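The values are calculated or read from the model by the stated rules, or taken from the named source; none is laboratory data. None of these values were measured; they are calculated from a predicted model. Virtual Cβ from ideal backbone geometry, glycine too; neighbours counted across all protein chains shown.
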Amino acid sequence: MLPLFGSEFFEKAPSTFAPILNAPVASDYPLGPGDEVLVRGWGSVDIDFRATIDRNGNITMPTIGTVALGGVRAGEAPGVVRAAVDRLYKGVTLNVSFGQLRSITIYVVGQASRPGTYTVSSSSTLVTALFASGGPNATGSLRHVQVKRGGRVMADLDLYSFIAKGDKGNDIRLLDGDTIYIPPALGYVALMGTVNNPAIYELLSKQDTLATLLDNAGGMPVLADPRRVLLERIDPTQKQPRTVEEFALDQQGLKIGLRSGDLVNVLSITPDFANAVVLRGYVDQPQRAPFRPGMHVLDLIGSKELLLSRTVLRKRNGEVGQQLTAPSSVDSVIENGDDINWEYAVIQRRDPNTLTVSVIPFNLGGVFRNPNGPDNVELQPGDAVTIFSQKDVLVPAERRQIYVRVEGEVNVPGIYQMTPGDTLQTLLAKAGGPTSNAYLFGTALYREQVRREQEVNLDKVAQRLERDLRNSQLTSLSAATASSPADAQLMESRRAANAASAQMAIARLRELHPTGRIGFGLSAEDRSFNRLPSLKMQSGDRLVIPQRPDFVQIVGAVNTESAALWKPDLTVGDYLRSAGVAQSADRSETFVLRADGSVASTGDGRWFSRGVESLVVMPGDMIVVPEKVSAETAWTRFVGGVKEWSQILANFGLGAAAIKVLK
């Protein structure tokens, strides 16, 4: 909604007004009865005198006599007093100043926001008094504010001149008894579009033109189109009252007269460049270049170096003064690969006649290999050339740049560039093979794609458990309704406790952070790295080959949580007997978090009648013994089963076996 021009000037006007007592006195202020004069002098005589001008316009100074100051301007008063003193005393230095000035009464009438009687300082002007009274109301005029004195119009102020240009030429000082009259506004026009100050403007007279309107609005910005201005007009005398016309802001257009209710819309210049072509996308410097006849794609790009994005260059060169730590340096090597999509780029072209847009694909690599070939398309004015990265438009696997990282027990750990189709064995060969301390069973491969999939699966599990919780609560409520009051109260307390435990379990479950670890499914007896699967590498993969640990972790409901020394051929049962199982332990639910990231439990059907306790433990395995829980509902069994798992599983990738245990 367009504002009314000038109305904001009165938005912070005071609700009440009192005379200003300490304001500086203007030099042209006429002194009169009630004004206070201060005279100080030193020299042949000392003077310290304060007096108020009486109704006759005089002050009477001791040893000096009567001095007439009524009607004297404030700037001339020191000279008048000095002349009176010099008649009797010589060599006296004088200082004349003013104390409290007299107050005057004025009247604000007409279309005023707060009409009434106001007591103001005698130094007040029309503008200050108008501001104090709140200005015009919604229909009052800002362009014909009048001061009436003795039946005559003493001033006719156009506030637009003051607000828009700071011109106070018609502002006058008020006298006692003056009347400020605010007439109704003559009419309004709306100015919108590309102008410096779009608003609703009041007309000064019937001779107002578009030139005067734009002058009050502060003109137009450079983006305004002087060739296209729309004027909407309402004429109730016509059969079709509403009309619109278009004209240019030339000499003739600026002279068009305005009427109340007109709406002027200044259009902006079309943002199209008639003689430009654009290079954008995965480039160092997107640019808008001037079009030249016979210009081709290669003329716009220039060289391959300009295709490297600014982000890649910053990562490659590093920030000045920034210390590059080892992890960030490693990541920058992987991320700084040349991932421009050389196979596909496009030209967007708009037909100036039909305004339809067409997309013209071309082979970016072919532009540089054969500048005279068909891929070096001839450009037209307005074309936009877009360069893509391999992430923007996924290219076939055999064309992608692949950088992987290998760490730990290999002879040459580091980052290696792989070719499409290279496997784990290829990576190990590039890294010089495993060392004698390499632990095959604990070898881990981390992949970003797998991590994202694990996050999605984890969220699905949490959502399913929340649904199970709601269903369990509804079932408990139904059972409580059909029970006696005492039983219902007991069931309600149990339901509340179960719900609180379940919510805590789900919250811990959501705190898990999958790592993207891929399980190799190796047997604990495998010793040769040739047993690793022929898995094709993807860019960003991280292979970690640990040193074989010497300990086995035992946690949960055992007498002593400890890291026990690993010994060959010892089973889970052997370690539990060594650590001692607590009375609260649910030994049948014991499970093992294995060094290869998998989870072994009694319920997975792979163990003999003794369950998981017959499993031979490998270095780095973790044996977990849960607490016993109530078997009242399947939900309470789940809560008890996972309440110690979340902290453990947070240190591992969320693999399929771990998901199965959570179920």
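Among the residues of region 508-518, not a single one is surrounded by fewer than 19 Cβ atoms within 10 Å (Cβ to Cβ), touching a strand residue (DSSP E or B) at 6+ places or on another chain (Cβ under 8 Å) and of a type outside the set (Val, Ile, Thr). Annotation for region 144-166: no member residue is under 30 Å from Gly75 (Cα atoms), part of a loop (DSSP other than H, G, I, E, B) and in contact with a Pro (Cβ under 9 Å, 6 or more places away or on another chain).
Quick one: is Ala83 in contact (Cβ under 8 Å) with a residue 12 or more places away in the chain and either outside the structural domain of Glu11 (by TED's automatic domain parsing) or not hydroxyl-bearing (Ser, Thr, Tyr) (or both)?
no
Taking the listed residues Leu394, Leu427, Leu458, the one that is over 41 Å from the mean Cα position of the chain (by Cα), outside any strand (DSSP E or B) and either in the same structural domain as Val357 (by TED's automatic domain parsing) or not charged (D, E, K, R) (or both) is Leu427, with no other qualifying. Residue selection: Glu407 satisfies the criterion of being at pLDDT 90 or above and of a type in the set (Asp, Glu). From Asp284, Asp299, which residue is in contact with a helix residue (DSSP H, G or I) (Cβ under 8 Å, 6 or more places away or on another chain), surrounded by fewer than 18 Cβ atoms within 10 Å (Cβ to Cβ) and not assigned by TED's automatic domain parsing to the domain that holds Val229? After applying the criteria, what remains is Asp284.
Taking the criterion of being surrounded by 15 or more Cβ atoms within 10 Å (Cβ to Cβ) and under 12 Å from Ile47 (Cα atoms), the residues of region 90-101 that qualify are Val92, Leu94, Val96.
Sub-6 Å Cβ pairs linking a first residue in region 251-263 that is in contact (Cβ under 8 Å) with a residue 24 or more places away in the chain to a second residue that is surrounded by 10 or more Cβ atoms within 10 Å (Cβ to Cβ) and small (Gly, Ala, Ser), at least 6 apart or interchain, are Leu254/Ala211; Ser260/Gly187; Leu263/Ala190, ordered by first then second residue. Within region 502-550, if we keep just the residues that are of a type in the set (Asp, Glu) and either outside any loop (DSSP other than H, G, I, E, B) or more than 26 Å from Leu565 (Cβ to Cβ) (or both), the residue that is modelled with the lowest pLDDT turns out to be Glu511.
Residue by residue through region 322-372, note down the ones that are at pLDDT 55 or above, in a loop (DSSP other than H, G, I, E, B) and closer than 19 Å to Lys304 by Cβ. If the condition is that a residue be at pLDDT 55 or above, in a loop (DSSP other than H, G, I, E, B) and closer than 19 Å to Lys304 by Cβ, then Asp339, Asn363, Asn370, Pro371, Asn372 are the ones that fit. You will find that of Ile182, Ile163, Ile200, the residue that is β-branched (Val, Ile, Thr), under 30 Å from Gly34 (Cβ atoms) and touching a residue at least 40 places away in the same chain (Cβ under 8 Å) is Ile182 and no other.
Among the strands (runs of 3 or more DSSP E) confined to region 172-227, the ones with at least 2 residues that are of a type outside the set (Val, Ile, Thr) and within 32 Å of the chain's Cα centre (by Cα) are located at 188-193. Scanning region 366-381 for residues that are within 15 Å of Tyr344 (Cα to Cα) and touching a residue at least 24 places away in the same chain (Cβ under 8 Å) yields Val367, Phe368, Asp375, Asn376, Val377. Taking region 432-463 as the range and being over 30 Å from Asp550 (Cβ atoms) and either touching a Cys at 6+ places or on another chain (Cβ under 6 Å) or not polar (S, T, N, Q) (or both) as the test, the residues that pass are Glu448, Arg452, Glu453, Glu455, Val456, Leu458, Asp459, Lys460, Val461, Ala462. Summed over region 558-584, residues that are modelled with pLDDT under 85 and surrounded by 15 or more Cβ atoms within 10 Å (Cβ to Cβ) total 1.
Applying the selection to region 28-64, what residues are assigned to a strand (DSSP E or B), surrounded by 13 or more Cβ atoms within 10 Å (Cβ to Cβ), over 60 Å from the mean Cα position of the chain (by Cα) and not β-branched (Val, Ile, Thr)? Answer for region 28-64, where residues must be assigned to a strand (DSSP E or B), surrounded by 13 or more Cβ atoms within 10 Å (Cβ to Cβ), over 60 Å from the mean Cα position of the chain (by Cα) and not β-branched (Val, Ile, Thr): Leu38, Arg40, Gly41, Trp42, Gly43, Phe49, Ala51, Asn58, Met61. When Thr139, Thr125, Thr194 are screened for being in contact with a Lys or Arg (Cβ under 7 Å, 6 or more places away or on another chain) and touching a residue at least 12 places away in the same chain (Cβ under 8 Å), only Thr125 passes. Once region 551-568 is narrowed to residues that are in a strand (DSSP E or B) and among the aliphatic types (A, V, I, L, M), the residue that is farthest from Met618 (Cα to Cα) is Val558.
Select from region 234-271 the residues that are surrounded by 13 or more Cβ atoms within 10 Å (Cβ to Cβ) and of a type in the set (Asp, Glu) and list them in ascending order. Within region 234-271, Asp262 is the sole residue that qualifies.
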